[in-house]
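Let me begin by presenting the structure, written as structure tokens, before commenting on it.
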Amino acid sequence: MTSTSPATSQPVYSNMGKALGTDYFLLKEHLTEDERSYLERTRRFVDEEVLPVINDFWERAEVPLDLVRRMGELGLVGDGLQGYGCPPMSATAAGLIAMELSRGDGSIATACGVQGGLAMRSIHMLGSEEQKQRWLPAMARCEKLGAFALTEPRHGSDSVSLETEARREGHEYVINGAKRWIGNGSLADVVVMWARDAEDLQVKGFLIEKGTAGYDGRPIQGKGSLRALWQADIDLVNVRVPAENLLPGSSSFKDPARVLKSTRAGCAWAALGHAVAGYDAALSYAQQRTQFGSPLARFQIVQDRLVQMLCEITAMQLYCLRIGQLDERQELSDTIAALGKLNNTKKAREVLAEARNLLGGNGILLENHVIRHMADIEAIYTYEGTETIQTLLVGRDITGVSAFV
């Protein structure tokens with residue numbers, strides 16, 4: 001099952017990173033035909049197009065734009081939004097896409113989430129008919145890329161305190177401020193910019209188009225996670241946008257919060273994908289790697305660790321399946337989404353740490369895929385609300401007492 005490279009005399013392990021069909025509770029039986037189709041289409045894309053090249057992009061911190069465009073061609077972008085050229089899919093299908101893309105690479109999956117779950121959802125939920133018609137079809141095809149700019153250098157978890165200001169001057173808004181950690185913020189064709197209206201002090205969304213004067217987006221350097229995705233520092237100095245670029249449905253911070261509810265559910269699916277990648281790699285490696293005269297899979301302690309990983313993954317799958325069902329029935333609350341993200345990102349970190357351990361020294365090599373997922377899960381664990389924030393959201397719900405200052 002292994003071969004040896006003549007140049008390096010190092011064993012080459014087959015199937016590393018490939019999907020091994022981790023569905024111990026036969027949950028695939030509960031998917032519709034369309035959902036299975038999305039699952040299988042995304043899985044083929046990951047195995048045939050993403051995995052053969054992604055390590056090189058990740059190591060060089062370069063965005064694989066051809067793969068991003070390819071997701072649009074395959075009809076994988078839209079996050080369950082209806083109409084306007086978005087591919088028709090259920091909330092569960094959107095989750096399965098996020099899961100499989102994450103099994104391939106966190107940067108690719110996050111790019112899809114930023115595009116569909118954040119930028120497109122903001123326009124779909126809060127935009128005018130003209131804004132929807134102009135942007136959504138091209139964004140669904142990934143002919144136009146979007147970004148969602150909420151987080152600021154001084155306001156990460158405390159995003160409600162954002163300081164970026166939009167001041168009305170005649171038929172324009174003048175925006176000043178700064179943003180940080182904005183996926184695609186340096187290359188997007190349209191940025192959904194959240195700023196506080198100087199008149200009523202409410203947080204509202206504005207569309208800033210590529211090339212607008214005063215907008216400066218620069219990729220953050222030195223990242224050790226999601227390296228194949230450019231996240232930007234953005235400076236806004238007297239950025240002028242037409243008044244019609246205001247998202248008319250946005251009137252307070254509750255609006256970006258509604259957008260983020262869905263993306264937190266997506267984070268739960270993404271974390272599952274990362275965990276499955278680690279488990280698949282560890283299982284394949286244990287079956288092929290021989291030590292002390294036997295495959296690692298023959299040793300009891302290895303079997304115990306693999307089974308514990310499978311236990312966590314199966315529980316994560318059940319979380320995700322239920323989240324998808326509730327989302328489709330429009331019964332997914334902020335706190336259920338928060339609990340799903342909290343549980344799955346936490347468990348994914350544990351599964352990936354165990355996978356890295358089972359691969360021994362080989363676990364830190366990109367060619368075996370685990371260390372990339374181990375690094376990338378750290379970003380998912382933090383963005384769209386940290387573990388602490390999700391805990392306090394659920395804690396407030398179950399106790400009736402807010403721990404937020």
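Observations on the structure shown:
- Per-region count, the stretch 167-191, residues among the acidic types (Asp, Glu) and over 26 Å from the mean Cα position of the chain (by Cα): 2
- When residues of the stretch 28-42 are limited to those that are in contact (Cβ under 8 Å) with a residue 60 or more places away in the chain and part of a helix (DSSP H, G or I), the one most open to solvent (accessible area, probe 1.4 Å): 30
- Hey, residue 354 open to solvent by 30 Å² or more (accessible area, probe 1.4 Å), modelled with pLDDT of 95 or more and farther than 27 Å from residue 159 by Cβ or not: yes
- Of all residues in the stretch 245-276, those satisfying the criterion of being touching a strand residue (DSSP E or B) at 6+ places or on another chain (Cβ under 8 Å) and either closer than 11 Å to residue 348 by Cα or without any contact (Cβ under 8 Å) to a residue 60 or more places away in the chain (or both) are 251, 252.
- Looking only at residues in the stretch 327-350 that are within 24 Å of residue 277 (Cβ to Cβ) and polar (S, T, N, Q), the one that is surrounded by the most Cβ atoms within 10 Å (Cβ to Cβ) is 344.
- The stretch 186-229, residues that are part of a loop (DSSP other than H, G, I, E, B), at negative phi and touching a helix residue (DSSP H, G or I) at 6+ places or on another chain (Cβ under 9 Å): 187, 188, 189, 223, 224, 225, 227, 228, 229
- Qualifying residue in the stretch 190-209 (condition: farther than 30 Å from residue 364 by Cα, among the charged types (D, E, K, R) and open to solvent by less than 20 Å² (accessible area, probe 1.4 Å)): yes
- A single entry from 100, 130 fulfils the requirement of being charged (D, E, K, R), part of a helix (DSSP H, G or I), at pLDDT 95 or above and open to solvent by less than 30 Å² (accessible area, probe 1.4 Å): 100.
- Pick from the stretch 370-383, criterion open to solvent by 10 Å² or more (accessible area, probe 1.4 Å) and closer than 19 Å to residue 111 by Cα, ranking: modelled with the lowest pLDDT: 383
- Count of residues meeting criterion [open to solvent by less than 30 Å² (accessible area, probe 1.4 Å) and closer than 19 Å to residue 241 by Cα] in the stretch 133-160: 7
- Of everything in the stretch 286-305 that is more than 32 Å from the chain's Cα centre (by Cα) and aliphatic (A, V, I, L, M), the residue that is surrounded by the fewest Cβ atoms within 10 Å (Cβ to Cβ) is 301.
- Verdict on residue 54 being crowded, with 19+ Cβ neighbours inside 10 Å, in contact with a Pro (Cβ under 9 Å, 6 or more places away or on another chain), within 16 Å of residue 271 (Cα to Cα) and hydrophobic (A, V, I, L, M, F, W, C): no
- The one condition from (1) outside any helix (DSSP H, G or I); (2) surrounded by fewer than 24 Cβ atoms within 10 Å (Cβ to Cβ); (3) among the hydrophobic types (A, V, I, L, M, F, W, C) that residue 76 does not meet is (2).
- Every pair of residues 6+ apart whose Cβ atoms lie under 7 Å, when the first sits in the stretch 393-405 and is in a loop (DSSP other than H, G, I, E, B) while the second is surrounded by 10 or more Cβ atoms within 10 Å (Cβ to Cβ) and not basic (Lys, Arg): 403/392; 403/395; 404/392
- In the stretch 136-166, residue nearest to the chain's Cα centre (by Cα) [restricted to those that are among the polar types (S, T, N, Q) and part of a helix (DSSP H, G or I)]: 159
- Criterion (part of a helix (DSSP H, G or I) and without any contact (Cβ under 8 Å) to a residue 40 or more places away in the chain) met by exactly one of 303, 325, 308, 390: 303
- Pairs linking a residue in the stretch 359-373 that is under 16 Å from residue 102 (Cα atoms) to a residue that is assigned to a helix (DSSP H, G or I) and among the acidic types (Asp, Glu), with Cβ atoms under 8 Å and 6 or more positions apart or on different chains, are 366/59.
- Restricting attention to the stretch 231-259, the residues that are under 17 Å from residue 212 (Cα atoms) and of a type outside the set (Gly, Ala, Ser) add up to 13.
The values are calculated or read from the model by the stated rules, or taken from the named source; none is laboratory data. Quick caveat: nothing in here was measured; it's all calculated off a predicted structure. Ideal geometry is used to build each Cβ from the backbone, glycine not excepted, and the neighbour counts take in all protein chains shown. To get the accessible areas, we keep the full protein, side chains included, count just its heavy atoms, and leave off ligands, DNA and RNA. Shrake-Rupley method; radii C 1.70, N 1.55, O 1.52, S 1.80 Å.
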